[in-house]
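Below: one structure, written as structure tokens.
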Amino acid sequence: MVLTHNLGFPRIGENRELKFALEKFWKGEMNETKLQELAKDLRLENWVSQSSCDLLPVGDFSLYDQVLDMSFILGNLPHRLNDLKGNELDNYFRMARGRSANNDESQCVRAGEMTKWFDTNYHYIVPELTGETEFCLNFERLLIQVKEAQALNYAVKPVIIGPVTYLWLSKCKDDSQPLDYLDDILKVYQELLAQIKQLGVDWVQIDEPILVTKLGDQWQQAFNQSYKSFEDTGVKILLSTYFGSLQDNLSLASDLPVAGLHLDVINAKQEVNKVLGSLTNDQVLSLGVIDGRNVWKTDLNATLDWLEPIAKSLGDRLWIAPSCSLLHVPVDLNLEENINTEVLDWLSFAKQKLTELETLKLAINQGREAVKDQLNRNQNSINLRKASQRVHNASIKAKATKISERSTKRQSVFEERIKVQQAKLNLPIFPTTSIGSFPQTKEIRRARLQYKKGQLEHAEYKQLMHNEIRQCIKKQEQLGLDVLVHGEAERNDMVEYFGEQLDGYTFSEFGWVQSYGSRCVKPPILYGDISRAQTMTVDWIEYAQSLTKKPLKGMLTGAVTMLNWSFVRDDQPRKETCFQLALAIREEVLELEKAGIPIIQIDEAALREGLPLRESEWQEYLNWAIKSFQICANDVQDQTQIHTHMCYSEFNDIISDIASMDADVITIETSRSDMELLDVFDEFKYPNQIGPGVYDIHSPNTPEVGQIVNLIDKASTRIPKERLWINPDCGLKTRQWDEVMPALNHMVLAATELRKQVNS
């Protein structure tokens, strides 16, 4: 009999209960006891939602981030947390965001570096390693969760990040290398597995997603050493891989002494037969047959056609599951009432995916006749989507195939353009600006919601937004920023806002997905061919420019980010969809230029995120991704300055491709990494201007003037001063004005100090 299990479940709650509880705790409006009680309630709700599975994940729930949780389980805490007041939870949040609920500035620290979890929009806190690092088991968090589930008589499967992946994700803060710590960390893992065994647990899921990346000999050997050392722990290990195929690591993974192996069949279906041939007679094969990262229904009959022979061969040694943790999809489609019924019928969220999984299990174990009605309904949905006129538009497809190379190139080279731009903009050295968004106050959110519900007339809503834009411009002028933005008061989200104005998108009301900590996003659902029927931003930005004599940036989201931060259609190559998006954004760029907006910023925050996990596949993606940006940006006049923004990713290995975008100014995150991302400029002479983010907007801590000056001084050793901008590392929508104003004031004071140094 085939068994079902799940690799992980969304932790935020159907109505973002965890988000709101965390924010109350950080503000001092909720105590730790209440926070932990709510967390327990959410875990119980999640297990009930997964109760159809034969094995339930435990330990996938987190108050902030599962990698940070693993650091605390391993006792790997930076020394800067030593000697601070408070308990473990205080230190946990200090590592996550620089500050706990205690607003005492003396108890604040530098938050851990944050970056993307493989090729997803989920962010994790990077583990830190130094010669002083000591590991020691801290089992309490996982122990509590295991006992909670066992008390409800659930068959549990603890979920932990594997030792090799943990070290691979870590960064050494000295001259050491991550694998230098392997022997020490394995001792703690052995102790952890032994403790789990004492709880009466049979199976442990150990996640090693780096097995879908290219690994050198030392890392491959680390896998052999690690899993050989676990043989005597007494627990059965399900080695879990996801987000890609094993390729040259297939033999390595298949030969490890583990009781079971999980494959992401959505990405590695072609490897199933090879793995089948290498299994021993007592090893389990888990197949991730439901897409854990997208929202489309599974074609159940097609899945059964190839799965049934495998089930016949393996019997109860076959497990089925989603491809990866369901952390990356919304919780429950049944909450949605406003999605078009035709499109709604094509969708599947986390709870529905587990229902699909149960249907597959029953069909295999009892025969398709036992679930005939479910299979028929599913097939009807699949067929209707394929034939729907909502999806396909021949004229749009044709337009995307006729993009000329001339329209993807700027008229002049950067050295000539920048002279024209500087003559027009007359900016000082070290010009200051923000990335785009400013605080989204309760008043802004209330007005948007009322307008969306039809409770505000358009004229009244427009006036309210104009008032917010006016105040935003006024505050920036008071601060003395050199290039202003309109603040994006009218925008709910940098992708959703644009998607709402494009044909081919639909939107959920409760489709929230965790991005990091309490930050949740609601990805639009891109189901059909894309076109733009009207201007999307021009009126707002033109109004903002009318309020100031300083240059203003028009803010747009780029095509690649629109693609990567949407639930994108899976019935055509992503490249084709991205070109359609690029043409729509380009139309808006040209209208902004026509309206006299001197600077246009096209955010590509997710460019790096879409990079394939295998370096051998990078260039194909980069070719069409960079071309998509060029389609958006490069048909403007020389005097129009094009900016782009990228955040919280590693860019050093693709810097030459980023340079080929030919944006006049690029802004990137460097504050949490202490300008580490700029190391690449020691060797690569970036040709255009750059704004290294000097203010960590994901922390409530206020950056000091000296700290900012120091960061820019570091940057100026790599990049000429005349090509440096000063800006935060991301948008400011999640912060409060009482945090933003002093931080930006320090940023402006730092720019003033740096200008004095140049002129002295």
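The values are calculated or read from the model by the stated rules, or taken from the named source; none is laboratory data. Predicted model only: the values in this text are computed from it and were never measured. Reconstructed Cβ throughout: ideal geometry from the backbone, glycine too, with neighbour counts over all protein chains shown. All accessible areas refer to the heavy atoms of the entire protein, side chains included, with ligands and DNA or RNA removed. Shrake-Rupley method; radii C 1.70, N 1.55, O 1.52, S 1.80 Å.
Structural remarks
- For the chain, share of DSSP beta bridges that run antiparallel, in % to the nearest 5: 15
- Ordered from largest to smallest accessible area (heavy atoms of protein chains, 1.4 Å probe), the residues C136, C472 come out as C136, C472.
- Surface accessible to a 1.4 Å probe, per residue, for the residues of the stretch 263-384, Å²: 40
- Contour minus Cα-Cα distance for K397 and E704 (0.36 nm per residue): 105.4 nm
- Take M95: with every protein chain present and a 1.4 Å probe, its accessible area is about 10 Å².
- In the chain, the DSSP-assigned H stretches of four residues or longer account for a calculated mean residue ellipticity at 222 nm of -12500 deg cm²/dmol, using -39500 (n - 2.57) per stretch and the full residue count as denominator.
- In this structure S518 has an accessible area near 20 Å², from a 1.4 Å probe over the protein heavy atoms.
- Separation of the F684 and Y497 label points, Cα + 7 Å toward Cβ, nm: 2.9
- Protein accessible area in the chain, 1.4 Å probe - carbon and sulfur %: 46
- Projecting label points 7 angstrom from Cα along Cα→Cβ for E443 and D316 puts them 6.6 nm apart.
- Estimated from the Cβ-Cβ distance and a Förster radius of 45 angstrom, the FRET efficiency linking N467 and K34 is about 0.80.
- Rounded FRET efficiency, nearest 0.05, which uses the C-beta distance separating L89 from K549 and R0 of 60 Å: 0.75
- Farthest toward positive dipole pole in the chain [+1 Lys/Arg, -1 Asp/Glu at C-beta], among I73, I719, S176: I719
- Ranked from largest to smallest solvent-accessible area, with a 1.4 Å probe on the protein heavy atoms, E468, E191 come out as E191, E468.
- P(r) tail fraction, the chain - alpha-carbon pairs more than 44 Å apart, %: 25
- A simple charge model with +1 on the Cβ of Lys and Arg, -1 on the Cβ of Asp and Glu and nothing else charged puts the dipole of the stretch 382-447 at about 500 debye relative to its Cα centre.
- Over the stretch 537-621, relative contact order from alpha-carbon pairs under 8 Å, at least 6 apart, %: 42
- Degrees between helix 350-366 axis and first principal axis of the chain (Cα, 0 to 90, nearest 10): 30
- Extension gain, D104 to T535: 0.36 nm times the residue separation minus the Cα-Cα distance gives 150.5 nm.
- Pairs over the 30 Å Cα-Cα cut-off, from the set K522/K549; K297/K442; K453/K733; K386/K522: K522/K549; K297/K442.
- Top positive-direction residue, dipole computed over the chain with Cβ charges, set L167, Q195, A259: L167
- When only alpha carbons are used to place a centre, the stretch 265-328 and the stretch 650-668 end up 38 Å from one another.
- Ordered from largest to smallest accessible area (heavy atoms of protein chains, 1.4 Å probe), the residues M562, M741 come out as M741, M562.
- Size of charge dipole - the stretch 172-293 - debye, nearest 20, with Cβ of Lys, Arg +1 and Asp, Glu -1, no other charges: 400
- Placing unit charges on the Cβ atoms only, positive for Lys and Arg and negative for Asp and Glu, gives the stretch 1-91 a dipole magnitude near 160 debye about its Cα centre.
- Per residue, the stretch 392-482 exposes 58 Å² of solvent-accessible protein surface, assessed with a 1.4 angstrom probe and all protein chains in place.
- Prolate/oblate/rounded call for the stretch 686-737, Cα gyration tensor, a/c under 1.5 rounded: oblate
- To the nearest ten degrees, helix 372-387 and the longest principal axis of the Cα atoms of the chain are 30 degrees apart.
- Here the relative contact order of the stretch 1-74, from alpha carbon pairs under 8 Å that lie six or more residues apart, stands at 45 percent.
- Relative contact order for the chain, counting Cα pairs under 8 Å that sit 6 or more residues apart, in percent: 13
- Average accessible surface for the stretch 27-126: 36 Å² per residue, computed with a 1.4 Å probe over protein heavy atoms with every protein chain in place.
- H645 accessible area, assembled protein chains, probe 1.4 Å, Å²: 10
- For the stretch 38-144: Kirkwood Rh in Å [reciprocal of mean 1/r, alpha carbons]: 15.4
- Compared with the alpha-carbon gap, the fully stretched path from E509 to N153 is longer by 124.7 nm at 0.36 nm per residue.
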